[in-house]
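Structure first, then comments.
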Amino acid sequence: MRIAVLCHVRQPIAQPFAGGMESQCWHLAAGLQARGHDVVLFASGDSDPRFTIDAVIPEHYERTFPGAEHRGFAPLIAHLDDGYAAACDRIAASGFDVVHNNSLHRFPLEPARTAAVPTVTSLHVPPYDALRWFVHASVTPTHRLTATSAHQLAAWWPHGPPREASVLHNGIDPDAWPFVAHGNGSAVWCGRMTPDKAPHLAAQAARLAGVPLTLFGPIEDRDYWDADVAPLLDGSIRYGGHLDAAALASAIGRASVFVFTPCWDEPFGLVAVEAMACGLPVAAFDRGALREVIGETGCFAPPGDVLALADAITTAIQRPRAPQRDRIETAFTRDRWLDRCEDLYRDVVGHELRQRA
């Protein structure tokens, strides 16, 4: 198939990944290419040059408009509207069989566009007002919609999803996250340094548990970092930097427990899956889809309860490591995920072909 992978453009689709959306778009394009598909990545122009890139905007917008996300900044909105309108027009004119839309923008959802090129839209976030109406109005026979978990699907459609919407769990390559049989007694946390990811709560809980902790990830919110996280760093709480996938897998594999502290309704929790592939049991706030993804191998605390999270760390660090790896190999592999993507493409393209016939 000739496939357009349309991406969110806040960050480049390149390593080191800023977050799960960027990682999954990169692995989607790479995985589809490896399966013989002709893939064009519609992303920011500073994304990974290993792909054929058709730039939605010249560079990711966090560089052009730093700190403007979620602030209704009119120049950014106009910049993105212009970029996505032109990109959608190019897709319609370029003979693609299907679009896999990961953009979180309203234009690719328009029924006129999904009628022109069959579309699969993956919703990587909980429902929010700026997109909710457009998603609900986009349901047509030439459009499939996916959520990353059953919890997230129910959040988007609390009264039941339409036939065209389903769960598409994310997946990873287990070989890229090698299993390590024994940890060194430490904890790790990974993610964007923002209040909704709450690394400061992970640091507080680890200190209460008496377990050394290393934080990994990009410092996205510098004011939050300076005020709430940096003052907690000492001999037992340290910052390990923003690493590429191979270095991060090696660092995570050496630890004994993964700490996960979402302060929003986490739609999936890719970092937990990556840590579990390395064998790490997870101590987490029970928020969003985490119990669905982590399963009974994890130890959970009520959201925001640092003392309970410390107890969960103490319990989780004693858990055997093999069940975590087994869960990933059973439910969350890259091949399983790509198989499901291809099924969705065949389904939506097949409907269009049947209509033409």
Self-check item: Considering residues of segment 205-219 that are of a type outside the set (A, V, I, L, M, F, W, C) and buried (at least 20 other Cβ atoms within 10 Å of the Cβ) only, the residue farthest from G253 (Cα to Cα)
Solution: G217
Quiz item: Assuming D234 fulfils every condition listed in (1) over 25 Å from Q318 (Cα atoms); (2) free of Cβ contacts under 8 Å to residues at least 12 places away in the same chain apart from one, which condition is it?
Solution: (1)
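Among the small types (G, A, S), surrounded by fewer than 21 Cβ atoms within 10 Å (Cβ to Cβ) and in contact (Cβ under 8 Å) with a residue 12 or more places away in the chain: which single residue out of S256, S166 fits that description? Working first, answer last.
On the way: S256 fails: surrounded by fewer than 21 Cβ atoms within 10 Å (Cβ to Cβ).
Exactly one residue qualifies, and that residue is S166.
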Quiz item: Inside segment 287-302, can you point out the residues that are over 18 Å from the mean Cα position of the chain (by Cα) and either outside the structural domain of F216 (by TED's automatic domain parsing) or in a loop (DSSP other than H, G, I, E, B) (or both)?
Solution: G298, P302
Quiz item: Only one residue in L153, L208 is over 28 Å from S44 (Cβ atoms) and assigned by TED's automatic domain parsing to the domain that holds A30, so which one is that?
Solution: L153
Quiz item: Restricted to segment 270-282, and to residues that are touching a residue at least 40 places away in the same chain (Cβ under 8 Å) and among the small types (G, A, S), which residue is nearest to A203 (Cα to Cα)?
Solution: A275
Exercise. Find the residue count for segment 52-75, including only residues that are under 11 Å from P12 (Cβ atoms) and crowded, with 17+ Cβ neighbours inside 10 Å.
Key: 6
Quiz prompt | Enumeration of residues in segment 175-200 that are free of Cβ contacts under 8 Å to residues at least 60 places away in the same chain and assigned to a helix (DSSP H, G or I) | solution = D175, H200
Quiz item: Residues in segment 6-51 that are within 15 Å of the chain's Cα centre (by Cα), touching a residue at least 60 places away in the same chain (Cβ under 8 Å) and crowded, with 19+ Cβ neighbours inside 10 Å: how many?
Solution: 14
Quiz item: Quick one: which of P108, P127, P195 is crowded, with 21+ Cβ neighbours inside 10 Å and touching a Phe, Trp or Tyr at 6+ places or on another chain (Cβ under 9 Å)?
Solution: P108
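The values are calculated or read from the model by the stated rules, or taken from the named source; none is laboratory data. The model shown is predicted, which means the values in this text are computed figures rather than measured ones. Please note: Cβ atoms are built from the backbone with ideal geometry, for glycine as well, and neighbour counts cover all protein chains shown.
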